[in-house]
1. Contact list please: Cβ distance under 8 Å, first residue in the range 247-271 and at positive phi, second residue at pLDDT 85 or above, pairs at least six apart or on different chains.
2. Here are 163, 158, 118: which of them is among the β-branched types (Val, Ile, Thr) and either part of a loop (DSSP other than H, G, I, E, B) or in contact with a Ser or Thr (Cβ under 8 Å, 6 or more places away or on another chain) (or both)?
3. What are the residue pairs meeting all of these: first residue in the range 381-401, first residue at negative phi, second residue of a type in the set (Phe, Trp, Tyr), Cβ atoms under 7 Å, and 6 or more apart or on different chains?
4. Are there any pairs, at least 6 apart or on different chains, whose C-beta atoms fall under 6 Å, with the first in the range 205-229 and without any contact (Cβ under 8 Å) to a residue 12 or more places away in the chain and the second of a type in the set (Gly, Ala, Ser), and if so, which?
5. What are the residues in the range 361-384 that are among the aromatic types (Phe, Trp, Tyr) and open to solvent by less than 20 Å² (accessible area, probe 1.4 Å), if any?
6. Quick one: count up the residues across the range 297-344 that are closer than 24 Å to residue 66 by Cα, open to solvent by 20 Å² or more (accessible area, probe 1.4 Å) and not in a helix (DSSP H, G or I).
7. Collect the residues in the range 192-227 that are in a helix (DSSP H, G or I), of a type in the set (S, T, N, Q) and out of contact with any Ser or Thr (no Cβ under 8 Å at 6 or more places or on another chain), keeping them in residue-number order.
8. As an exercise: evaluate residue 233 against (1) farther than 18 Å from residue 74 by Cβ; (2) assigned to a loop (DSSP other than H, G, I, E, B); (3) modelled with pLDDT under 90; (4) out of contact with any Pro (no Cβ under 9 Å at 6 or more places or on another chain) and give the number of the one condition it does not meet.
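The values are calculated or read from the model by the stated rules, or taken from the named source; none is laboratory data. Just so you know, these numbers come straight off a predicted model, no measurement behind them. We place every Cβ from the backbone using ideal geometry, glycine too, and count neighbours over all the protein chains shown. Ligands, DNA and RNA are excluded from the accessible area calculation, which covers all protein heavy atoms including side chains. Shrake-Rupley method; radii C 1.70, N 1.55, O 1.52, S 1.80 Å.
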Amino acid sequence: MKEKIISLFKRMEPDKEKSPLLHTAYDAFFTFAFTPNHVTKDGVHIRDGMDLKRTMVTVVIALQLCYLWGTLNIGHQHFAALGMYQNLILEGFHLKLFYGLVQLLPIWIVSHVVGLGIEFYFAARKKHAVEEGFLVTGALIPLIMPPDIPLWILAFSIAFAVIIGKEAFGGTGMNVVNIALLARVFVFFAYPGTISGDEVWVSGLTKAGPGGVADYGWFHLSVLNPIFESFGWDTFQQGYAVIDGYSGATPMALAAKGGWAAVMEHYTPGQMFWGLIPGSIGETSKPFIIIGALMLIGAGIASWRIMVSMVLGMVTMALVFNMWGFNAYMEIPWYYHFSMGSFLFAMAFMATDPVTAASTNRGKWIYGFMIGVIGLIVRVMNPAYPEGWMLAILLLNVFAPLIDHFVLQSNINKRMKHVQ
């Protein structure tokens, strides 16, 4: 049966010379659906079932709990601003879920259409198969963006990151810096108003503060509401006002202004740990991020050395700041830095990118430790940017080859001494 299906697909294969783009699209689908039959002929090779395609798919699977929580939290933050369904994530579950889906799906679609479109174009131009590298990048980008990001800005950022950061260096496996983070840093510096401040983390409001009201589109009112009404469920109601005293500020923004006391006025440690806070779509729920990290470690995809050393670097720098105590932000207990922002997500899914991270075992310890140190310095000491992991990881991406060079050179020198 399998042979018949493969034979059918083979008969549909476009001509590679006459229709390079169609052939590229066909080849991408065929290799995704079936295991390629290309095998090595000569020499000794290590064969493993974990090829590039399966590696990428495993990482995407590890992100799914973050997607689920991110979808619900988009809706939860929206209704919390209106004073509705505030106590538990499951209150108003259908409204939160579908509201989150309507916000998240366009971001996910634009991410993949733009990114894969560029990948297909370059693959057709170079006449080689589409590489699976963008599967992970396309899954990561929506999770590190605010829920209200304009789609045209998102499209520009992805195009910039894929063309300048990846294709210009030769494609998958040749990029120097993490492509998803490059897309985010493009948004931050080119359009800072869309990824900073208190307004961008809660969507669907005319204003995330006094005077703001709920603003739904035709899909909510004309498509979803009739379905909900048929089941006797609550529906989306246009014009609900933002409650008095509400602020869409993230814990990071609050900490930058007033330290831990300012954070505790709005959020409890439990809310920050479980993810009932405003923030980037996939970076809020710490338990789900930890589960994803353990999946990657168990599959042998992500380096536990980078994760552990990054934790050690952050804790070391936090303890130094605690002893220094120059301002209120420095006095925040070191253990709360794990739950306040995106540290765990950056540790699990960004810093461990095998293409841009250090490759040697000792280099991984140095690489992760320096990310932890530099990231917290940026977080605490730069009032204009109250989160530092993006900049720290991109900086260490650039220095990762140099770290590996010195580690290898050190090993060579030690062995040469033994020879002499």
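1. Short answer, once both residue conditions are applied: 259/331; 259/332.
2. It is 158.
3. The qualifying pairs are 389/343; 396/367; 400/367.
4. Pairs found: 206/212.
5. 367 - this is the single residue of the range 361-384 that is among the aromatic types (Phe, Trp, Tyr) and open to solvent by less than 20 Å² (accessible area, probe 1.4 Å).
6. Total meeting the criteria: 3.
7. Scanning the range 192-227 gives 194, 222.
8. Residue 233 satisfies every listed condition except (3).
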